[in-house]
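Student: Have a look at this one.
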Amino acid sequence: MNILFVADPIESFKIYKDTTFSMMRELQKRGHRVASTEPRFMSWRSGQPVMAQVRHLQLTGHAVDWTTVTSEAVEPVHAFDAVLMRKDPPFDSEFFYATHLLEQAEREGARVFNSPRALRDHPEKLALMEFADFAPPTLVTRNANELKAFHAEHRDIILKPLDGMGGTGIFRVGADGMNLGSIVETLNQGGATSVMAQAYLPEIALGDKRLLLIGGQVAPFVLARIPQGNEVRGNLAAGGKGVAQPLSDADRAVAEAIAPTLAQRGLLLVGLDMIGNKVTEINVTSPTCFQEITDQTGFDVPSMFVDALEAAMKGAA
């Protein structure tokens, strides 16, 4: 297959941990061809197909000069056998517009994973709200008074923006309410921006677990991202320590209750975040942690993903 990745600039990849890189490596190992573009390099002229400035890649196996661009051209997106949308958040207007261009490419014959429509329908934080039975008490609002009332009810809460990633903009407010007003003002920008509030889960001390749902199946290992020092955030980008663990029976039950619904909607890959037995986020844009789990356990997550991708393509043939 000829696979196009829509992603961040390949020059920014940290290949020792980058999940998109691990996908490319596994695809090339199986004889598939890989290419890359960025949302800013896609265009759509009326009456013509969606086009992209594309770089065809050959992975070298080296740690520094890890890839060679074998050719570069403007090509129709639908000319590729599969398109993998792997652009990192934020889920901003440009990301939104990119999903529309990719959906047009689908109408022209492209197979896009994750589905552009599903990406729009499942924004990272808000997607959780559909599965409230598995979530901690959660509120999404612009209203500062509602956020303060939520704190008064639960006493110890987490506040975060809807469009953040890697733990950015996450605050904990304890029972004393210290700086609650200032934090709310910062996050909701005077009522202009929606904020998510969740009841604090003390099980975060054991890690914010990343479960991977691939083709509707749950990977057998999770990555527990454990906060370090006085930090409340377990995110690896915020200094959390990633410890791979076998999937527990309790976590499997929750994941298997959610996975089929998301898979049916065109979400081939989902990163389910759990603290204790509660789901705190459902990540669909560019879920990560493939390499950390593989390196620590020997379970080949990239292979599981490419198996699912090949099965999806075969089922569409």
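Student: Ignoring ligands, DNA and RNA, what accessible area per residue does the chain give at 1.4 Å, in Å²?
Tutor: Value for the chain: 45 Å² per residue.
Student: What angle, in degrees between 0 and 90 and rounded to the nearest 10, separates the Cα long axis of helix 249-264 from the longest principal axis of the Cα atoms of the chain?
Tutor: 50 degrees
Student: Between segment 264-306 and segment 132-151, what is the separation of their alpha carbon centroids in Å?
Tutor: Rounded to whole Å, the Cα centres lie 26 Å apart.
Student: Ordered by packing density, taken as the mean number of other Cβ atoms within 10 Å over each peptide's residues, highest first, how do 274-281, 106-113 rank? Each step should come with its number before you reach the end.
Tutor: Values: 274-281: 21.0, 106-113: 17.8.
Most protected by this proxy first, the peptides run 274-281, 106-113.
Student: Under 19 Å between C-alpha atoms is the cut-off here; go through the chain and count lysine pairs that meet it, provided they're at least eight residues apart or on different chains.
Tutor: 16
Student: Another one. How would you order 2-9, 133-140 from highest to lowest mean count of nearby Cβ atoms within 10 Å?
Tutor: The packing order, highest mean first, is 2-9, 133-140.
Student: May I ask you to give the percent of accessible area on the chain that is carbon plus sulfur, with a probe radius of 1.4 Å?
Tutor: 50 percent
Student: Could I ask something else about it? When DSSP assigns beta bridges and you keep just the ones with both residues in segment 1-69, what percent turn out antiparallel, to the nearest 5?
Tutor: 65 percent
Student: Relative to the first principal axis of the alpha-carbon coordinates of the chain, what is the inclination of helix 144-154, with its axis defined by its Cα atoms, in degrees from 0 to 90 and to the nearest 10?
Tutor: Helix 144-154 and the main axis of the chain meet at about 70 degrees.
Student: Can you tell me, using C-alpha contacts under 8 Å and at least 6 residues apart, the relative contact order of the chain as a whole percent?
Tutor: The value is 17 percent.
Student: Over segment 20-179, what is the mean sequence separation of C-alpha contacts under 8 Å (at least six apart), divided by residue count, expressed as relative contact order in percent?
Tutor: For segment 20-179, the relative contact order is 15 percent.
Student: What FRET efficiency comes out for GLU203 versus LEU247 if R0 is 22 angstrom and r is the Cβ-Cβ distance? Round to the nearest 0.05.
Tutor: In this case the efficiency is close to 0.85.
Student: Determine the gain in length on full extension of the stretch HIS100-GLN189; use 0.36 nm per residue of separation and subtract their C-alpha separation, reporting nm with one decimal.
Tutor: Here the segment from HIS100 to GLN189 would lengthen by 29.2 nm.
Student: Still on this structure, please answer the following. If one computes the Cα centroid of segment 17-35 and of segment 53-96, what distance in Å separates the two points?
Tutor: Centre-to-centre (Cα) distance: 11 Å.
Student: Relative contact order for segment 105-174: what is it in percent, counting Cα pairs under 8 Å that are at least 6 residues apart?
Tutor: Dividing the mean separation by the residue count of segment 105-174 yields 22 percent.
Student: Going by average Cβ density within 10 Å per residue, which order do the peptides 253-260, 155-162 take, highest to lowest?
Tutor: Final packing ranking: 155-162, 253-260.
Student: Another one. In deg cm²/dmol and to the nearest 500, what is the mean residue ellipticity at 222 nm of the chain if only DSSP H runs of at least 4 residues count, each as -39500 (n - 2.57), divided by the residue total?
Tutor: It lands at -9000 deg cm²/dmol.
Student: Any chance you could run the full-extension gain for PHE299 through GLN228? It's 0.36 nm times the residue separation minus the Cα-Cα distance, nm to one decimal.
Tutor: 23.0 nm
Student: Can you give the accessible area of ASP249 in Å² (nearest 10), computed on protein heavy atoms with a 1.4 Å probe?
Tutor: Using a 1.4 Å probe on the heavy atoms, I get roughly 130 Å².
Student: Follow-up. Can you work out the FRET efficiency for the pair ALA257 and GLN58, with r the C-beta to C-beta distance and R0 = 51 Å, to the nearest 0.05?
Tutor: 0.75
The values are calculated or read from the model by the stated rules, or taken from the named source; none is laboratory data. Just so it is clear, the structure is predicted and the values come from calculations on it, not from any experiment. Glycine gets a Cβ as well: all are built from the backbone with ideal geometry, and neighbour counts include every protein chain shown. Accessible surface areas use protein heavy atoms only, side chains included; no ligands, DNA or RNA. Shrake-Rupley method; radii C 1.70, N 1.55, O 1.52, S 1.80 Å.
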